[in-house]
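Beneath this line is the structure, given in structure tokens, with notes to follow.
The values are calculated or read from the model by the stated rules, or taken from the named source; none is laboratory data. As the structure is a prediction and not an experimental result, all values here were calculated from the model. Here the Cβ is made from the backbone with ideal geometry for all residues, glycine too, and neighbour counts use every protein chain on show. Each accessible area value is taken on the protein alone, full model and side chains, heavy atoms only, with ligands, DNA and RNA left out. Shrake-Rupley method; radii C 1.70, N 1.55, O 1.52, S 1.80 Å.
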Amino acid sequence: MNSRLTTRDLVTVAIFAVIFFVAFYACGMIGFAGPAFMFVGWILGILLGGVVLILSMTRVPKMGTLTITGLLVGLGMTPSHTIWMIPAGLVLGFIADLIATNAGRNVRLDPRRASLGYAVFILWMIVPLIPIVVNADEYYDMITKQMGADYSNKMRALFTPGLIAGWSVVVFLVGLLGGWLGIKMGRKHFQRAGLTK
């Protein structure tokens, strides 16, 4: 098996990156119901995203799959969040690639490595919350303009630095679960449908 990404691989990765982005963004819309509902949407997005990206890694089990996905997700998330989404997506995608592919040495998807790689990859979703810790006043001024004062005040009361630190751990653990779910779904349904090899 050729370890380098082909044009067909790049197209496949891009398609799955778009599906991941749309699915994650759609789940994030649950947060419009209130700040606490953001966590519900994010957890659903992490789990659904695990299924999508494990399928992507199964179709293209090569170094670069998650790096490119991270870049594309970062580009997609930047307009509504922060420019730091792009380097975060690239760096976390690259680290996740190293883990999932055993630094490019694996030619087939290793389920444990893939799940761990996904859990590292999904940590990008903490990046939009960093301004809450670094520059809270400016961040909540923006939230007030977008969502209104009531939503902003409730979010400020909920999103403490301690909660964000704890949420980072939860994201990683739910990422592991999302990766495991993707592996299970792949074995049960995707192989039967001919979507995986």
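In segment 85-95, the count of residues that are touching a residue at least 60 places away in the same chain (Cβ under 8 Å), within 22 Å of residue 129 (Cβ to Cβ) and of a type in the set (Phe, Trp, Tyr) is zero.
Within segment 64-75, residues that are on the phi > 0 side of the Ramachandran plot reach partners that are assigned to a helix (DSSP H, G or I) and aliphatic (A, V, I, L, M) with beta carbons closer than 9 Å, at six or more positions or on different chains, in the pairs 64/10; 64/13. Scanning segment 96-121 for residues being without any contact (Cβ under 8 Å) to a residue 12 or more places away in the chain and basic (Lys, Arg) gives a total of 2. Restricting segment 28-50 to residues that are open to solvent by less than 20 Å² (accessible area, probe 1.4 Å) and part of a helix (DSSP H, G or I) leaves a set whose member that is farthest from residue 112 (Cα to Cα) is 31.
Residues that are open to solvent by 20 Å² or more (accessible area, probe 1.4 Å) and closer than 23 Å to residue 33 by Cβ number at least 1 in the following helices (runs of 4 or more DSSP H) confined to segment 86-175: 130-134, 136-147, 149-158. Considering segment 29-81, and only residues there that are within 24 Å of residue 185 (Cβ to Cβ) and of a type in the set (Ser, Thr, Tyr), the residue that is modelled with the lowest pLDDT turns out to be 58. Among the residues of segment 68-76, some residue qualifies, meaning at least one is surrounded by fewer than 16 Cβ atoms within 10 Å (Cβ to Cβ) and in a helix (DSSP H, G or I).
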